[in-house]
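Worksheet for the structure shown next.
The values are calculated or read from the model by the stated rules, or taken from the named source; none is laboratory data. Note that this is a predicted model, so its numbers are computed, not measured. Positions of Cβ are backbone-derived with ideal geometry, glycine not excepted, and every protein chain shown enters the neighbour counts. Accessible surface is based on the protein model in full, side chains and every heavy atom, while ligands, DNA and RNA are left aside. Shrake-Rupley method; radii C 1.70, N 1.55, O 1.52, S 1.80 Å.
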Amino acid sequence: MRRGRRGGWLGIGGALIAVQLCLSGAALSAPATSPSASPSNVLTPFDFARHTDARFSAERRAGLAALGAAHSPVELQAARLRLGTLYLAHLMLPEARSLLGAVDSAALPAPDRARLVALRAALRIMQGKPLAADLADSPLAPANRGWPDYPFWAALNAIRAKEGDGIRDNLPAAFARLSAYPRVYAETCLPLFFSAALDIGDWALARRIAERFDAYPELKARPVYDYLLGRAAEGVRRPQRAAQAFGQAAQGEGPFARRALISLVDLGLQEKSLSPSRARVLLEGNLARWQGGTIELDTLRQLVQVDRTLGDWPGMLLTLGQLLRDFPESEDAAPARRQARGLVAAYYKFALEGKVPLGKLLALHRRLIPLYRFDPAFEASAEALAARLLQLGATAMAAQEYARIYDTLRLGAEAGHWPKDPARLGRLKLAEAEAMAAGGRWHAAALALAAVGTLPNGLADRKALLQARVQAALGDPAAAAVAAAQVAAPDPADLRLLAQSAMAARDWRAARGRYQDLRRADPKGFDDTDAINLLLAAWHLGDRATARDVAAAYPDLGGAAHWGRIAGAILDEPATISPLKHAAAQARLAGAQVVIDQAAKATEAGGAGPSVGAVKKKKGP
């Protein structure tokens, strides 16, 4: 095995690295043009074969010495051209690019200018970039067909450009010309030529190229050889031989081993010699060992098909998500995005109907978030999941999910992924606050409410009600009453909450009004506690008419004897009452309020309430 060199030095052991460079080399600017150059007249063979491995060190020292000793522009450009040619002959591409790219063609004589153009073109091709077809001074112009190296570089250029006609016209002569190039070129180009012969279906040429591998034992032992043999066997319809070759190649390492595994799986599925479940295991292993490029993309494409065959919708969502994340600009992205959006909506709907265990759905959801987090359709399904979590009492998880969706939509809008939607953001922040309040996290709920911005129509009352609850829980009845006053169209449950907040704030007028509204809106649901509170509010306001009405409608108010005495005292009390009687009535009312508070707390805690003087939840007439 040849000794490695600095930078782009490639030996037999590094032949596959050179193949990769051929396939995906860095960009190079288009070859320089010169009006005075006449390539058809002055192009001579590259004669790279004379730059042997044995002479490399000596030639490199001489080239560096000439470069350092150059005293004129002409000498400097000539030294750069000479050393750049040496590096290109040994496929040291970064070094060759640096030297040849620095040459000032105007300081060269005409023959050297033509050679520089040809060398730059060759460098570009070896870096994986085909030449532009309209370059007038290209060494591959029709006028240069007599150049001995023309078919070699024309074939490689056609391979880069995937031009079948160019490959057919030039590949046989290019293979014949390969002997005029150093061994490193054979190690690099033999796999390319073999693959190209298979692409055009020239089986005789493919056989001759395959036989040439015998001269390169280390290259033949690598996965690329068996992989190409497998392709050849497929081409002549020998699936068993193809599977054997692909299987042998897949046991190795590197890109051709991974391509071989993809081909092995594809062949096995076609021949029904491989089950879809086993195919999935193999393809997932391929992804674990190779990321990026056409290998990953081809693996993902095949995985989508296998997932569909298996009916593995979670697996398909994960595969489509990885494809969209890693290849957003590929031709596969648009159809994959359509599939993913429909599948996300359908699967989440199916799962949230109770047909998938919640734990399994949550585990999948966590894996999908980094793949789909900037997809509006996914976030809509995530919002449905958060609502379901809240229904089930998982308040902390629901609040966390609402907060994540809020942040994602806000950041996505700021980044220009979708238009700003203040109403949706406000609704999400309100839902987060509701989840926190449902879990008793009142301070966190207050902070979330403070961040609620624009709300769609119909949610203003919902926000005000929550604000009233939160402030009451935080011990600020005055703020709760202010929030409650903002509710425009409450339902019976809201009315009771607002009335209770008003009672806590000792806002008797508001409490009386809310309880009266509740009594009208839901007479059957208006219970003893509501009636007692209404009576208390009316008494504090001196509203004996309302007090008498309540006492008459609820003769056994509270189920305790002292309530009957209080009601009677209020009903029978003359307009002028002595201070002692007034104080006594107030004391009894205060005691009644304590009983009501105890009953309310017991109800919230799920208990049966106080055992003595408890307020019974009897319905109204």
Scan of the range 396-422 for residues that are in a helix (DSSP H, G or I) and open to solvent by 30 Å² or more (accessible area, probe 1.4 Å), ordered by number: 396, 397, 400, 404, 406, 407, 410, 411, 414, 422
When residues of the range 418-443 are limited to those that are over 24 Å from residue 496 (Cα atoms) and of a type in the set (A, V, I, L, M, F, W, C), the one modelled with the lowest pLDDT: 418
Qualifying positions in the range 108-150 - more than 28 Å from residue 186 (Cβ to Cβ), assigned to a loop (DSSP other than H, G, I, E, B) and either over 48 Å from the mean Cα position of the chain (by Cα) or free of Cβ contacts under 8 Å to residues at least 12 places away in the same chain (or both): 108, 109, 134
Selection count, the range 286-308, where residues are open to solvent by 50 Å² or more (accessible area, probe 1.4 Å) and out of contact with any Lys or Arg (no Cβ under 9 Å at 6 or more places or on another chain): 5
Residue among 265, 281 that alone is hydrophobic (A, V, I, L, M, F, W, C), at pLDDT 95 or above and open to solvent by 50 Å² or more (accessible area, probe 1.4 Å): 281
Some residue of the range 181-188 being open to solvent by 50 Å² or more (accessible area, probe 1.4 Å) and without any contact (Cβ under 8 Å) to a residue 24 or more places away in the chain: no
Residues being in contact with a Phe, Trp or Tyr (Cβ under 6 Å, 6 or more places away or on another chain) and part of a helix (DSSP H, G or I) - total across the range 155-186: 3
Filter result (within 14 Å of residue 404 (Cβ to Cβ) and open to solvent by 20 Å² or more (accessible area, probe 1.4 Å)) within the range 359-370: 362, 366, 369, 370
Leading residue by the ranking (modelled with the lowest pLDDT) among those in the range 359-381 that are farther than 20 Å from residue 428 by Cβ and of a type in the set (Gly, Ala, Ser): 359
Some residue of the range 318-336 being closer than 21 Å to residue 388 by Cα and open to solvent by 20 Å² or more (accessible area, probe 1.4 Å): no
Members of the range 57-75 found to be open to solvent by less than 50 Å² (accessible area, probe 1.4 Å) and in contact (Cβ under 8 Å) with a residue 24 or more places away in the chain, listed by number: 59
Test: residue in the range 459-467 that is among the small types (Gly, Ala, Ser), assigned to a helix (DSSP H, G or I), on the phi < 0 side of the Ramachandran plot and over 38 Å from the mean Cα position of the chain (by Cα): no
Filter result for residue 429 (without any contact (Cβ under 8 Å) to a residue 40 or more places away in the chain, over 20 Å from residue 317 (Cβ atoms) and not in a helix (DSSP H, G or I)): no
